[in-house]
Structures are given as C-alpha cells and as structure tokens.
1. Using DSSP H assignments, which helices in the chain have an axial alpha-carbon span of 20 Å or above and a mean Kyte-Doolittle hydropathy of 1.6 or higher?
2. Relative contact order (percent) for the chain, with alpha-carbon contacts under 8 angstrom and 6 or more residues of separation?
3. Could you point to the residue in Leu12, Leu92, Val42 farthest towards the positive end of the chain's charge dipole, with +1 and -1 charges on the Cβ of Lys/Arg and Asp/Glu respectively?
4. Might you work out the accessible area of Arg70 for me, using a 1.4 Å probe with all protein chains in place, and round it to the nearest 10 Å²?
5. Using a probe of 1.4 angstrom, how much of the accessible area of the stretch 137-178 is carbon and sulfur, in percent?
6. Relative to the compact-globule scaling 2.2 N^0.38 Å, provide the ratio for the alpha-carbon radius of gyration of the stretch 32-140.
7. Applying 1/(1 + (r/R0)^6) with R0 = 22 Å to the Cβ-Cβ distance of Gln146 and Leu57, what FRET efficiency is obtained, to the nearest 0.05?
8. In Å², what does the accessible area per residue of the stretch 80-200 work out to with a 1.4 Å probe?
Amino acid sequence: PSPEEAAHLRGLYDGEVAFVDQQLGRVFGGLIDKGMLNRTLVVLTADHGEGFGEKGLWSHQEVLYNTALRVPLIIRYPGRVPSGSVGAPVSLTDVLPTLLELLGMETPEWVEGKSLLPLMLGKEDGNERAAFSQLWDARKVAVTYQGHKLIKNRQTGAIELYDLSQGFLEWTDLAGEKPGLARSLEALLDAWAAGQGMGP
C-alpha cells in the first residue's frame, strides 16, 4: 500500500482495538456493578495478530511470524491465579486444559495442549514447553522452543531460524549460522507434525 493507504489501514486497526477495549469495559463494568468480577474466571485472547509491513508483509494470512502468532492471553481468577506473567511459549491449545483444571474438571485424552496452571503458580519454569503453529493447509509449520523459533516450508524444505531474545520481530535468519540448532528444532517440529497426521 501507499503511505496514505498504510496510514489508513493502521487507523482502521486502531479503531478496531479501541472498540474492543470499550466493549470489554462494558462487560467488566457490568460484572463490577453486580459484585461478580472477583468471583468470575476471565480469559482474554485473540485468534491472530496483524502485519503492518514488517518483512514487507501485510495482513495475517500465509505467515507464521510473530506479527500474526503472538496474541494477548490474559487469565484472571482471583484466589486461584496470582498476578504476574510467564515468559515461556504457550499456545491457544493450552487454554482449554487450563480452564478445566481451574474448574476442577478432568481433561479428556483427546484435548491438545497442556494446562498453564503450573506455570502461573510458579511450579514449572516452562523451559521444556514448546509452542507449535501451522498454516491452515500445513504448507508451513513452526515451533517456538527455548528462546528460538524455527519455521519450515513443508513443500520446499526451506527453514528459517530466529533467536527471539533479539526481539519480538524475526529480522535475522540464523539457519545458516546455527545448523545444529536448526536440525534439532526441525526434528522436534517434524515429530510434532507426524503426530498431527501430516505426511512427509
């Protein structure tokens, strides 16, 4: 888009965020008015982010970069979930088992993901947690693990490796510089893909 169109798109997005914020204020205000906020389990998240020209890409489709994948995940449940944040990679598939555990319900075997409650209670450091992602047709898959992220194009075999300690955005592909790390993360990713029933 032209600079003017880019500014317009950013403005539309800012307006969308402001509208959501306003509506959440109404929901929380209603819970406060009814004296229910501090006995209500609240989960706030999103299905995807949005790209605004990072790496020359716009929108959120066809990419597995953090502009599309990193979304808010806020869980509030006074008396059960302490305030704070976790730095380990988590996934939206972790939300359901977390809610089931918080509500004292058993998690069925078919549920993907892993409860975040041990992380939130400080009983787990999250060092062994991995977060997996894929495009809708599984042409590309990704894993975030121990401060690094690997993206694999399953059609071409091309991989990208990023050190997330260098920042939120994946600017520098390190696959050529760290082939050993790239291979180990690719093996982890391939094992997950096979478990999901994806062909080679």
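1. Result, helices passing both filters: zero.
2. Numbers: 248 pairs, mean separation 25.2, N = 200.
Relative contact order, the chain: 13 percent.
3. Looking along the dipole axis, the top candidate is Val42.
4. About 150 Å², ignoring ligands and nucleic acids.
5. 49 percent
6. On the way: Rg = 16.1 Å, N = 109, 2.2 N^0.38 = 13.1 Å.
In units of the globular-protein estimate, the stretch 32-140 measures up at 1.23.
7. 0.25
8. 57 Å²
The values are calculated or read from the model by the stated rules, or taken from the named source; none is laboratory data. From a predicted model like this one, the values you see are computed outputs, not experimental measurements. Virtual Cβ from ideal backbone geometry, glycine too; neighbours counted across all protein chains shown. Just so you know, the surface numbers come from the protein's heavy atoms only, side chains and all, with ligands and any DNA or RNA stripped out. Shrake-Rupley method; radii C 1.70, N 1.55, O 1.52, S 1.80 Å.
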